1. State the dimensionless ratio Rg/Rh of the range 255-377 (Rg: radius of gyration of Cα atoms; Rh: Kirkwood radius).
2. Quick check: net charge around P338, other residues with Cβ under 13 Å of its Cβ, Lys/Arg +1 and Asp/Glu -1?
3. State log₁₀ I(q)/I(0) for the range 284-342 at q = 0.16 Å⁻¹ as given by the Debye formula over alpha-carbon point scatterers of equal weight, solvent excluded.
4. Could you compute the FRET efficiency for E234 and E182, with r as their C-beta to C-beta distance and R0 at 22 Å, rounded to 0.05?
5. Quick one: the Cα spread of the range 172-224 along its three principal axes, in angstroms, biggest first?
6. Residue-wise, which Karplus ³J(HN,Hα) couplings in Hz belong to the range 279-288, taking 6.51 cos²θ - 1.76 cosθ + 1.60, θ = phi - 60°, and x for glycine or proline?
7. With the alpha-carbon atoms as the only input, what is the per residue convex hull volume for the range 252-299 in Å³?
8. GNM, the chain, Cα, under 10 Å: largest mean-square fluctuation among A112, A220, A389?
Amino acid sequence: MKVLVIGGGAREHALCRSLSLDPDVTALHCAPGNAGIAELATLHAVDVLDGAAVADLAASLEADLVVVGPEAPLVAGVSDAVRDRGIPVFGPSAEAAQLEGSKAFAKDVMAAAGVPTARSYVCTTPEEIDEALDAFGAPYVVKDDGLAAGKGVVVTADVEQARAHALACERVVIEEFLDGPEVSLFAITDGETVLPLQPAQDFKRAYDADEGPNTGGMGAYSPLPWADPRLADEVLETVLQPTVDELRRRGTPFSGLLYAGLAITSRGVRVIEFNARFGDPETQVVLARLKTPVAGVLRNAATGNLAAEPPLRWSDGAAVTVVIASHNYPDTPRTGDPISGLEEVAEEDGPKAYVLHAGTRRDEAAGQVVSAGGRVLSVTATGSDLATARERAYRAVGRITLPGSHHRTDIALKAASG
Ligand code: AMP
Ligand code: GLY
């Protein structure tokens, strides 16, 4: 199978790593990729938001499967363009991707499907905003309706800060605060059959002890020893299957990766958000534990043949990933800093700890890999349990030098120590 992956972050590096280990995959391509993915796949420079350009590339490579990683190309309709060319694509249509692209659309689908989520108001005027803030009280949860790379959400006890964020958005969703731990549960679906993956937990805040601003995600682990083992089945029944059924009923079936961001509250599981793609950094730990070769599953989802897929097989062990972020992330990150220590990780820790690249590129003049984004590396490790995986991940992090960088030191700490 010839596979083309669209995207260039650590999630795509994790996908490419799994695909490269799959004996069914005979050729692996990625656009645009990054310095790490370049070691596994042939890179192509293409505008990933240009559906026709991606479809042309896929056709010229005679790809049997295109996997679209990030949300922006999905919302821009890249999957539609590839599918229209008759090439199987893992990733929802632009219409179905509105589940991530518009918080208001997601709320509407959940209401119709009876999926449990926070009560909310969609507001466009200052009067509506004040009414909604009043109705819920602190802590306030204020979400920009559009795509904001995980940074459009403000959760605060300060009503002025909440109001200021709301007023800065064109359309805003104001909702009830959900307490309780967060879980990310992914499912692969062909629009009808839904296969949940194993749950993971992401660390969204920039600094230790959940301090600092929200980020795209600073680390993750799987499995969740504290969670009910029936969680995935419960979420399949109450959230994932009803959502997929509702989108099919509307004539806009969702095929690809459905990501449920959940809060486990005292009153039960509630959806915080949906995403229309693999989450980053959770994908790094979920794929690290998946034993079933991934290409066939993604292709069966892309072609509507998931019903015949046998149950997925998982390692009993654990996986942890720690994100190394550049100076100033999540504000305007500094880029172009040299990265060293990558070879040491490969030599000393491989294959149980490995570095997945997020924002990196090879600086040909300097003959070196340099930072090229906010999240730079996702250092991932596996082990028989979380404590072992965690120790390996942090040992590998310690071998890497990136001037000015920061990372959290408490990823999976609580879960590993029971
Ligand atoms: P989102 O982009 O919707 O995932 O929101 C980003 C983060 O904001 C989530 O991971 C939560 O930590 C927090 N958040 C969002 N909605 C709520 C809510 N209703 N109650 C509490 N925290 C929330
Ligand atoms: N890990 C959060 C996200 O991918 O949106």
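Here, each number is a calculation from the coordinates, and none is a lab measurement. The structure displayed is predicted, hence computed values, not measured ones. A quick note on method: Cβ atoms are made from the backbone with ideal geometry, for glycine too, and the neighbour counts reach across all protein chains shown.
1. Ratio value, two decimals: 1.04.
2. +1
3. Log10 I(q)/I(0), no solvent term: -0.73.
4. Numbers: r = 16 Å, r/R0 = 0.72.
Working from the Cβ atoms, E equals 0.90.
5. Between the extreme Cα coordinates on each principal axis of the range 172-224 lie 39, 30, 20 Å.
6. Here the 3J(HN,Hα) series is x, 10, x, 4, 4, 4, 8, 5, 5, 4 Hz.
7. 117
8. The residue that fluctuates most here is A112.
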